[in-house]
Ligand code: ARG
């Protein structure tokens, strides 16, 4: 008896549809629950097909050897458009050229630059705390990563239909302002007052001095205390430093195409400190420890306690994060709240989520520390990285050299090398980060991230521009064409790469992992380059065949789908996609 299934539901994620159909047919044929099959179905090695079901898990239940089961199931399973083949203990399935090719091309072109997006998050809200640099302190690698990863996550969630509340939780409250204020007298240059780099210089010098001289440190502390007590003069100076920094940061965010829904830093919560501490006192309990106020809860041996107030009465990072979390929940009723912050702060987040749970806040279950590893070796020619602008400027300068070099060699064409250099520079820094799994540490190497070959932003940008150029030469994408003609293995490989984007977006949201999208884009570029190279070697494989050849139309249509996929994916990652290169 043959089992067939309902016709495929039209859905943008072609891969997922085939997978679901395969699973349903197998479950029906084996007469087992769908989940038993779903758990086992894998993406097959391309040599064997597209989907694979290993029959081992059914051996016990069906009391048969896996190869016999596989043969039996393969004979029963019938899904239109899926070629099912038993191979030893496996049931393999391959997408037939049609309707697979037409479905992918149609889906991509219908979605356009929103290819890969879905609506699963509709009605749900995610709060994303990202970037969050410290004002007047040198920028650290972790702010760059937080900015880049957080931006990609914000885009990913938007692509998944979520409402996104991105928050730049500026480190705009704390002793560092005391250091800058006190240090100004000794190291400040009135002529450079509005310069953020100067603020940082003053901070660095004052900090050094304070480390050697406790009295100096005490002065800084006292200044911050005055801020906390609402001293008008201290706050006036603080406001000035803050404005200088925010203005500077704003320029960097504009370059990166980032717009925060909210810019609200730690200072936003100064007037809630007492209320938060009171609530903790009532629910969890507080106690004194060495003159400081801490949360009274069990701690592991050697675990530093959660500090709410220092012995001089000033409040702390954790106190403010507790207030902020409650406020965010009250305002946004989030379904998820992400904190895109370096792994170094894992203890802080674990502890502060625990305090919220102990306070009886169920929303704490939906808070995630989206942690990330370190970057090694990120420095500029001038030396130590001080500002994010320095990194982007350096990227642009180095990219300009590359652009000129490649233009001279005839590899690329541009009328505006400066503009292209900015785009390539941004792509280098952003993609150089996002192609890595976020939790892994990585080595930053200018030569590597700026290379036009390999796993780089420039390579993806170049491939995108190349697709644009073919389309220009071919007179644009045809309104329709026959996808059944796309039978070359190179073309089928490109189609499979394109079809993977929706799954990567969904998985990226599930794992809070932009690198899933990065990986798919690299596959798209690699598959397209192989196709292109094949065309250079064999004229019958070229896209731009002569005249009115229907194959030419089909191939231009495929090229257009490549262009759209790269554009959509690069936009999610926050990488510019130039059309000329
Ligand atoms: N400003 C902090 C730092 O530079 C990061 C803040 C992260 N966000 C938070 N809600 N704690 O280390």
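Structure notes:
- Note on residue 192 and residue 579: the model spin-label points, each 7 Å out from Cα along the C-beta direction, lie 4.3 nm apart.
- Each principal axis of the chain carries a Cα extent, and these read 84, 65, 35 Å when sorted largest first.
- P(r) histogram, all alpha-carbon pairs of region 49-97 included - 5 Å bins from 0, percent: 5, 26, 30, 22, 11, 5, 1, 0
- Between helix 515-537 and the chain there is an angle of about 40 degrees, using the helix long axis and the longest principal axis of the Cα atoms.
- Contour minus Cα-Cα distance for residue 113 and residue 255 (0.36 nm per residue): 49.0 nm
- Cα-Cα pairs of region 294-346 separated by more than 14 Å (percent): 67
- Exposure proxy order (Cβ contacts within 10 Å, fewest to most) of 488, 564, 322, 544: 544, 488, 564, 322
- Dividing the summed helix terms, -39500 (n - 2.57) for each DSSP H run of n ≥ 4, by the number of residues in the chain produces a 222 nm estimate of -17500 deg cm²/dmol to the nearest 500.
- Nearest-ten-degree value, helix 141-159 long axis tilted from longest Cα axis of the chain: 50
- Estimated distance in nm for a label pair at residue 302 and residue 120, the labels positioned 7 Å out from Cα along Cα-to-Cβ: 4.1
- Gained length - residue 246 relative to residue 289, 0.36 nm times residue gap less alpha-carbon distance: 11.8 nm
- C-alpha long axis of helix 388-408 to longest principal axis of the chain, angle in °: 40
- Sequence of 442, 157 once ranked by neighbouring C-beta atoms within 10 Å, starting from the fewest: 442, 157
- Subtracting the Cα-Cα distance of residue 376 and residue 274 from 0.36 nm times their residue separation leaves 32.7 nm of extension gain.
- Share of pairwise Cα separations in region 475-549, more than 14 Å, in percent: 68
- When each of 372, 452 is scored by the number of other beta-carbon atoms lying within 10 Å, the sequence from fewest to most is 452, 372.
Every number here is computed from the coordinates shown, using simple stated rules; none is lab data. Predicted model, so just to flag it, every value in this text is computed and none were measured. Using ideal geometry, Cβ is built from the backbone for each residue, glycine included, and neighbour counts are taken over all protein chains shown.
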